[in-house]
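Chemist: Got a structure for you, questions after.
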Amino acid sequence: MGKGKKNFNRKKKGSFKSINKKKKKTTKENEVINKKAIFNRYKDKQKVEEDFAKKKQLEQRFLKQQVNFSESEEEDDAYGQLISCFKNKQNKRVVADSDDEEMSSSEESDVSENINESSLNHVSKGAEEINNEMSSSESSEESTDEDIMIKENADLENEVDTLNDPFTKHLQYDLQDELLVSLSNVPHIEKKVNKTWPILGNLTICIPEPVETLSKKIKPKFSILEEKQYAPIATVPHIFHKVDFNTLFIKSQISGNVVSANKINLIKKDLDLTEVLTPLQKELFSVINNYQDLWFPERTFTNAEEIRFTYCLHVVNHMLKTRTKILHHNAKLAKKSDLSEEYRDQGLVRPKVLIVVPFKDAAYRVVKTLIDLVVPKEAGQVVNKNRFEEDFTGGELIMPSKNPKPEDYELLFSGNTDDTFRLGMTLTKKTLKLYTDFYSSDILIASPLGLRMIVGAEGEEDRDYDFLASIEVLIMDQADVFYMQNWDHLLHILDHFHLQPKKTHGTDFSRVRSWAVNGWTKYYRQTLVFSSVSLPEIMSVMNKKCQNYAGKVLVVNTPEMGSIQQVLVQVPQLFHRFNATSPLASVDARFEYFVKEILPKQRDTLMSHTLIYVPSYFDFVRIRNYFKKEDIGFVQICEYSKDSKIARARDMFFHTEAHFLLYSERVHFFRRFRIKGVRHIIFYQPPTYPHFYSEMCNLMQESNQNKYGGSDCNMTVTVLYCKYDIQRAAAMLGAARVAKMAASDKSVHMYVTGDK
């Protein structure tokens with residue numbers, strides 16, 4: 001190699017003729033063109049094919065004209081030397097690692113050395129030797145060339161096929177200016193498509209579209225500059241019915257573990273173990289693998305494991321592709337110092353995936369699923385596994401055997417219910433490291449409160465949110481529970497995504513993607529939200545905090561049967577509609593309607609044992625202050641009440657010592673009390689969870705009543721709602737009933753158990 005480089009330098013100063021005099025005899029050795037070098041130079045498949053076609057055409061032209069060359073020709077044919085690089089008799093292929101698809105350092109070194117030696121040796125050849133070689137074996141080498149070109153094209157087909165990988169298509173390229181303008185507009189310029197799938201049901205697919213500029217730039221027909229390739233416009237997802245790991249671009253490292261890790265879900269659905277995914281998982285993965293945002297408001301305890309496995313599969317697949325690309329580029333850059341645009345493969349910081357869950361038990365299940373996918377049955381190493389088992393297990397709530405809690409309560413609060421945690425994980429080839437530093441982690445799992453404690457508030461000295469700068473996949477599982485915990489925590493965290501980091505954190509900025517440097521990471525982030533109820537607050541997050549240029553998919557099935565069907569007591573249920581001009585104005589309008597229209601009637605002595613169910617804590621405090629100001633007899637139970645005060649309030653309410661009981665929704669969610677003595681219920685707003693409506697109404701059964709507290713015929717249920725509560729009301733009554741109520745001129749509607 002040293003002599004070759006010396007000759008190469010002399011070639012630049014002198015002529016080819018002087019070099020040919022000092023040519024040294026070498027064996028006729030043929031090397032295969034490094035297909036990956038060509039792929040990195042030309043990212044467009046069509047361009048590669050055209051390039052090969054042109055070279056083939058010129059090669060044939062050269063073969064026809066070679067008889068005209070004289071042996072005493074003074075200057076060498078430059079193109080003939082180039083053609084000699086394609087003459088190969090031995091096919092040395094580079095073998096990629098079956099798991100990570102990355103070349104080893106020795107293999108890559110051999111390839112690069114062979115290519116360099118080949119190029120130097122061919123340059124050192126004279127025109128006389130080239131013509132003699134080509135004339136003596138013209139027919140045999142012509143067929144060899146065709147075979148080699150076919151093989152090279154086949155290899156390039158496999159390599160270029162990675163361009164069809166949704167991972168590459170979504171993250172590889174910058175956004176065009178017209179699409180950036182569209183995404184920055186409020187509201188976005190987007191196309192909406194409605195689809196109906198067998199399992200997910202009705203889907204609304206929103207795809208951002210680029211702005212049409214009035215003065216379009218006329219591009220020249222011919223240009224020496226390579227046209228820049230931009231991120232493609234998103235497409236509507238399609239269901240795949242047959243699971244093909246190659247078609248879905250699932251890494252080979254985990255493809256063999258999918259069935260075994262998903263075995264429990266397959267058994268629950270009574271599917272043959274030859275199946276890979278359940279029907280629900282196929283449809284969910286069809287959307288998720290397309291790197292589009294997803295809102296799925298129909299999460300249940302039945303399908304929770306299916307959903308968890310689906311997004312864990314996507315997370316592992318995403319991180320393995322990221323790691324493979326970085327390691328592959330590292331190996332290439334170790335051989336050369338040229339840093340081109342194609343080697344930009346990282347973000348401003350390392351963490352790429354954030355999974356937000358409400359309790360430690362949910363985080364425990366997520367990590368166990370990741371382990372089953374990456375290192376099943378101790379096929380690899382899980383660092384700090386024992387520490388993880390100790391921290392994230394135990395602490396279960398003791399469920400009472402007498403007066404048991406509802407089934408959904410026991411399922412939700414099973415396992416460790418601690419809501420203050422955060423965990424960093426690093427994914428390597430066959431190792432999953434737990435409890436890694438955030439800035440050395442690939443995947444972060446945390447609760448909203450755990451993240452809020454790190455992010456902090458403005459003005460605090462000890463706060464950090466740089467680790468949120470380069471999140472590419474955000475998953476919020478059980479988002480409805482976040483709403484019951486503290487919705488402000490989640491909103492505060494989302495406001496600190498993709499901000500400019502205050503420190504470098506050891507980042508190699510020569511490897512940072514250009515769109516990350518430009519501050520466009522928010523347009524590339526995929527957000528997956530899973531909830532058991534459809535709430536306007538979650539929909540607001542999808543509209544205002546999620547700006548994925550690939551678009552979003554919303555599951556929008558209307559509830560046919562409301563929770564009113566589960567009400568067992570025969571009581572009149574009155575629905576009062578009040579008018580409001582905006583969601584913000586509805587807060588004051590609701591309070592005014594309650595004070596003027598509802599409360600005066602309920603203060604009558606005959607209307608004692610009235611429970612006021614208040615979903616929002618702010619409304620709870622406002623009503624409590626009003627009752628104190630007006631000297632109205634009441635007791636209260638909220639999430640901040642001590643056990644002693646709760647017991648005293650329940651006793652006073654049951655024995656008619658207090659006319660009203662103020663009851664917050666959050667205390668019902670976390671404690672699920674069975675309040676006795678209730679004869680009248682006022683729902684200040686439709687409950688967040690529709691089954692809470694039937695639960696509260698069924699507390700009015702005769703077995704829970706104080707026989708001295710009133711008559712059985714004197715019992716009522718009152719619900720206040722406005723047009724901004726239609727979504728909650730539909731979950732209680734069903735879409736058909738709510739549609740009639742909304743179209744009616746009457747402001748009060750009554751239903752009785754058993755009515756159709």
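The values are calculated or read from the model by the stated rules, or taken from the named source; none is laboratory data. Just so it is clear, the structure is predicted and the values come from calculations on it, not from any experiment. Every residue, glycine as well, gets a Cβ built from its backbone with ideal geometry; the counts of neighbours run over all protein chains shown. Areas reflect the complete protein model, heavy atoms only, side chains present, ligands, DNA and RNA absent. Shrake-Rupley method; radii C 1.70, N 1.55, O 1.52, S 1.80 Å.
Chemist: What accessible surface, in Å², does a 1.4 Å probe find on Val383, ignoring ligands, DNA and RNA and rounding to the nearest 10?
Modeler: Surface open to solvent at Val383 totals about 40 Å².
Chemist: Can you tell me how segment 426-465 classifies by the Cα gyration tensor, rounded, prolate or oblate, using a/c under 1.5 as the rounded cut?
Modeler: Because a/c hits 1.5 or more and a/b exceeds b/c, segment 426-465 counts as prolate.
Chemist: For Ser447, Ser252, what's the largest-to-smallest order of accessible area, 1.4 Å probe? Could the numbers behind the result be given before it?
Modeler: Details: Ser447 0, Ser252 50 Å².
The residues order as Ser252, Ser447, largest area first.
Chemist: Please compare each pair in Lys368/Lys433; Lys282/Lys545; Lys251/Lys282; Lys352/Lys522; Lys242/Lys269; Lys360/Lys433 to a cut-off of 20 Å on the Cα-Cα distance and tell me which ones are over it.
Modeler: Distance filter (> 20 Å) returns Lys282/Lys545.
Chemist: Please give the solvent-accessible surface of Tyr724 in Å², to the nearest 10, using a probe radius of 1.4 Å with every protein chain present.
Modeler: Number for this one is 80 Å².
Chemist: Just grab the label-to-label distance for Ala742 and Asp270, each label 7 Å out from Cα along the Cβ direction, in nm (one decimal).
Modeler: The answer from the label model is 3.8 nm.
Chemist: List the residues, sorted by chain then number, that are 5 or more residues from Cys546 or on another chain and whose placed amide H is less than 5 Å from its amide H.
Modeler: Counting only residues 5 or more places away or on other chains, the set is empty.
Chemist: Okay, next question. Mind listing the phi-derived Karplus ³J(HN,Hα) values for segment 416-426, rounded to whole Hz, using 6.51, -1.76 and 1.60 with θ = phi - 60°, and x for any glycine or proline?
Modeler: My calculation for segment 416-426 gives 6, 9, 5, 10, 10, 7, 7, 8, x, 9, 10 Hz in order.
Chemist: Over 15 Å apart: what share of the alpha carbon pairs of segment 615-690 falls there, rounded to a whole percent?
Modeler: Value for segment 615-690 (Cα pairs over 15 Å): 56 percent.
Chemist: On the accessible surface of segment 366-408, probed at 1.4 Å, how many percent belong to carbon and sulfur atoms?
Modeler: It is 46 percent, rounded to a whole number.
Chemist: Could I ask something else about it? Can you give me the accessible area per residue for segment 487-595, using a 1.4 Å probe, in Å²?
Modeler: 44
Chemist: Next question. Mind grabbing the accessible area of Val211 for me, 1.4 Å probe, Å², rounded to tens?
Modeler: Approximately 40 Å² for this residue.
Chemist: Please list Glu283, Glu396 in order of solvent-accessible area, largest first, computed with a 1.4 Å probe with all protein chains present.
Modeler: In descending accessible area the options line up as Glu396, Glu283.
Chemist: Please report Rg over Rh for segment 286-432, where both radii come from the alpha carbon positions and Rh follows the Kirkwood definition.
Modeler: On the way: Rg = 19.4 Å, Rh = 18.2 Å.
Taking Rg over the Kirkwood Rh, I get 1.06.
Chemist: Another one. Classify segment 460-557 as rounded, prolate or oblate, taking a ≥ b ≥ c as the square roots of the eigenvalues of its Cα gyration tensor: rounded when a/c is under 1.5, otherwise prolate if a/b is larger than b/c and oblate if not.
Modeler: Because a/c hits 1.5 or more and a/b fails to exceed b/c, segment 460-557 counts as oblate.
Chemist: May I ask you to evaluate 6.51 cos²θ - 1.76 cosθ + 1.60, the Karplus curve with θ = phi - 60°, for each residue of segment 181-197 and list the ³J(HN,Hα) values in order in whole Hz, giving x for glycine and proline?
Modeler: Rounded to whole hertz, the list is 5, 5, 5, 7, 6, 10, x, 5, 8, 9, 9, 10, 10, 9, 10, 10, 9.
Chemist: Quick one: Karplus J couplings for segment 296-301, per residue in order, coefficients 6.51, -1.76, 1.60, θ = phi - 60°, nearest Hz, x for Gly and Pro?
Modeler: Coupling constants for segment 296-301: 10, x, 10, 6, 10, 6 Hz.
Chemist: Can you put His170, His241 in order of accessible area, largest first, using a 1.4 Å probe?
Modeler: His241, His170
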